[in-house]
Amino acid sequence: MGVNRRMVEKFLEGKGALITGGASGFGRGFAIAYASRGAELVLVDVNEQLLEETSKKITQETGKKVIPIACDVSKSDQVEAMAKQAFSELDNIYILNNNAGVGDPYGPDLLRLKEKYWDRLFNINLKGQWLVSKSVCKGMKKQEFKPISGKVIHTASIAGMIVDNKIPAYSICKAGVIAMTKLLAQSLAPKITVNAISPGYHVTGIYNNNEEAMLMTMEDGHVKTPLNRLGTVEDVVNVSVFLASPDSDFITGHNFPVDGGIAEVGVPAYYFKSDI
Ligand code: NAD
């Protein structure tokens, strides 16, 4: 039951999904999963070429309408125009995945981090999610779907749960995304649910699709994963499908770590040098 049953059910037929960072990684994974379950899509990304390629591929594979919209989520004028276009292209936006994100340069701690990286991370990873919700949730609220008129799903990170001083701005932004999930859930209840997913370590574009680069950061931080394997894109997509489905209609304001147990029962990144 649950996720597996939903794997074959077209429970998103007649519904629209808007995914930021939809050209790559988790975003592309959410897009394929939703289209396979009947959704029409708006994919939003700043990488225009990849966005076009991904959108065409998903339409070819699933036969569903996929509208690519090039947009930098950190720019309010672009976000407003994007949301307007999205509602004119689709009948509704039932699912919003606020997912676009970028990483820190790995290494410099909070006191060494350059201001330009702080600004870039905050503008894209935190302000970007806020701007997109502001522009999309107004229209979502007016939709007639019952019992829930729309669902917002944030991509946070375990770095926002157990802060990591080698990616400090990223950690603070993701802690902010988890806080924003609760605040938005309050503001949008009872019509819209808002939840977050916190992935652990999964090879995607954020690691330049390079497993070695990701393993280096895990080794450097002495990260131990109780479930003893790396995360996949599918691990995260499965939880997003659950959050997009009627099975999660009574859940709002929560953060779901998908990390093989690192944040709660494993050993998260740890850099102190100490003898005891
Ligand atoms: P990814 O690089 O494959 O995908 C991110 C996408 O966001 C890219 O297509 C990129 O072009 C797009 N993007 C970047 N800046 C943008 C902007 N200003 N406007 C619009 N789009 C923009 O990486 P991913 O891992 O799939 O990242 C998705 C989310 O997952 C991010 O929020 C990231 O922080 C989060 N995350 C990833 C991991 C992991 O292990 N991969 C772990 C925790 C959280």
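Which residues' amide hydrogens lie under 5 Å from the amide hydrogen of V194, considering only partners 5 or more residues apart or on another chain, with H built in the peptide plane?
V152, G253
Take the Cβ-Cβ distance between Y270 and L183 as r, set R0 to 41 Å, and report the resulting FRET efficiency rounded to the nearest 0.05. Don't jump to the answer; show the numbers that get you there.
Numbers: r = 30 Å, r/R0 = 0.73.
It comes out at approximately 0.85.
Would you please put 35-48, 103-116 in order of how densely packed they are, using the mean number of other Cβ atoms within 10 angstrom per residue and starting with the highest? It would help to have the intermediate numbers written out before the result.
Values: 35-48: 22.9, 103-116: 12.7.
The densest-packed peptide leads the list: 35-48, 103-116.
Can you run phi through the Karplus equation (6.51, -1.76, 1.60; θ = phi - 60°) for the stretch 119-136 and list ³J(HN,Hα) in whole Hz, with x for Gly and Pro?
Per-residue couplings from phi come out as 4, 4, 5, 5, 5, 7, 6, 10, 4, x, 5, 5, 4, 5, 4, 4, 7, 9 Hz.
Under the Karplus relation 6.51 cos²θ - 1.76 cosθ + 1.60, θ = phi - 60°, what is the ordered set of whole-Hz ³J(HN,Hα) values for the stretch 215-232, x standing for Gly and Pro?
Along the stretch 215-232, the couplings run 4, 4, 5, 5, 5, 4, x, 6, 6, 10, 10, x, 7, 6, 7, 7, x, 10 Hz.
Charges only on Cβ, +1 for Lys and Arg, -1 for Asp and Glu: so what's the dipole of the chain about the Cα centre, in debye to the nearest 20?
Details: 30 positive and 30 negative charges, 165 e Å.
Using only the charged Cβ atoms, the result is roughly 800 debye.
Can you give the FRET efficiency for L110 and E234, using 1/(1 + (r/R0)^6), R0 = 30 Å, r = Cβ-Cβ distance, to the nearest 0.05? Please report the intermediate quantities before stating the final value.
On the way: r = 34 Å, r/R0 = 1.12.
Approximately 0.35, to the nearest 0.05.
How many angstrom lie between the Cα centre of the stretch 214-266 and the Cα centre of the stretch 116-144?
Each part reduced to its Cα centre gives a spacing of 23 Å.
Amide H to amide H under 5 Å from I67: which residues, 5+ apart in sequence or cross-chain, H placed 1.01 Å off N in plane?
Correct list: L41, V42, L43.
For the chain, what's the relative contact order in percent, using C-alpha pairs closer than 8 Å and at least 6 residues apart?
Working: 561 pairs, mean separation 49.3, N = 276.
Worked out over the chain, it gives 18 percent.
What list of ³J(HN,Hα) values in whole Hz, one per residue of the stretch 44-61 in order, does the Karplus curve 6.51 cos²θ - 1.76 cosθ + 1.60 (θ = phi - 60°) give from phi, with Gly and Pro shown as x?
So the J values, rounded to whole Hz, are 10, 7, 8, 8, 4, 5, 5, 4, 4, 4, 5, 4, 4, 4, 5, 4, 4, 6.
Given H placed 1.01 Å from N in the peptide plane, which residues other than close sequence neighbours of K224 have an amide H under 5 Å from its amide H?
Those qualifying (amide H under 5 Å, at least 5 residues apart or on another chain) are V267.
Bear in mind these aren't lab numbers, they're just calculated from the coordinates by the rules spelled out. Since this is a predicted model, take the numbers as computed values, not measurements. When we count neighbours, we look across all protein chains shown, and the Cβ atoms used for this are built from the backbone with ideal geometry, even at glycine.
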